[in-house]
Amino acid sequence: MDRLRQHIEAISPLTDDEFEYVKGYFTLKKVRKNQFLIHEGDDAKYEYLVLSGIYKVFFVDNAGKEYIMQFAQQNWWMSDYYAFFKQKDASMFIECMEGGEVLYSTLASREKLSADLHKMEHFFRAKLTNGYVALQQRIKLLLSSTPQQRYEEFSRLYPELIERIPKKFIAEYLGVSRETLSRLYGKG
């Protein structure tokens, strides 16, 4: 829970009493490599904060092709956000790629914390805004850049992931073939 407090206080400092209240809304879960937190069709009732490990958020199209939306590592939040916020069944998967731990909470908990503590409303709004900005940048990069530019940007933003994630998944995330990634990786 110390990591949760540090994470929150990077945006919204809390008193000891406030943090005691906040931590009651989160549950710790250990996750094994290849374990799924969400399957397509599940009730996506949780949002997860990554404490350790690496996770991939992805969907599979009707032809069985996998599309990676996000890799998540320490201090990143993840869920099938459409399903989470709209209280619908999941259309995505979350799979643990490297065993670790997450904290999870429900939408009702998030809403209660936001209503009870302005500091937490500010925290969640800041995290959501940052996530939205990152998503817009990712879409812009996918639509308007070359594979080389996408690889260079990924390498710049996430240098630690280059060594920890299998190349086939990085290729999927960047929207390039494994062969193209091998050529780009050799240039990097």
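Each value in this text was obtained by applying a stated rule to the coordinates, not by laboratory testing. Remember, predicted model here, so these are calculated numbers, not experimental data. We place every Cβ from the backbone using ideal geometry, glycine too, and count neighbours over all the protein chains shown.
If you build the Cα gyration tensor of the stretch 82-172 and take the root of 5 times each eigenvalue, what three semi-axes come out, in whole angstrom, biggest first?
For the stretch 82-172, the ellipsoid semi-axes come out as 30, 17, 14 Å.
Over the chain, what relative contact order in percent results from Cα pairs under 8 Å that are six or more residues apart?
23 percent
Taking only the Cα atoms of the stretch 1-77, how large is their convex hull per residue, in Å³?
Per residue, the Cα convex hull of the stretch 1-77 comes to 106 Å³.
What is the stretch 56-119 by shape, rounded, prolate or oblate, if you read a ≥ b ≥ c off the alpha carbon gyration tensor as root eigenvalues and call it rounded for a/c under 1.5, prolate for a/b larger than b/c, and oblate otherwise?
Here the stretch 56-119 falls in the oblate category.
In straight Cα distance, which lysines are under 29 Å from residue 112, not counting same-chain residues fewer than 8 positions off?
23, 29, 30, 45, 56, 86, 88, 127
Over the stretch 58-108, what is the relative contact order in percent, taking alpha-carbon pairs closer than 8 angstrom and at least six residues apart?
Here the relative contact order equals 29 percent.
Semi-axes of the stretch 86-137's equivalent ellipsoid from the Cα gyration tensor, sqrt of 5 times each eigenvalue, largest first, rounded to whole Å?
Semi-axis lengths for the stretch 86-137 are 22, 16, 14 Å.
Note down the magnitude of the dipole of the chain about its Cα centre, charges +1 on Lys and Arg C-beta and -1 on Asp and Glu C-beta and zero elsewhere, to the nearest 20 debye.
640 debye
How many angstrom separate the Cα center of the stretch 99-130 from the Cα center of the stretch 10-45?
9 Å
Counting alpha carbon pairs within less than 8 Å and at least 6 residues apart, what relative contact order, in whole percent, applies to the stretch 1-81?
Contact order relative to length: 26 percent.
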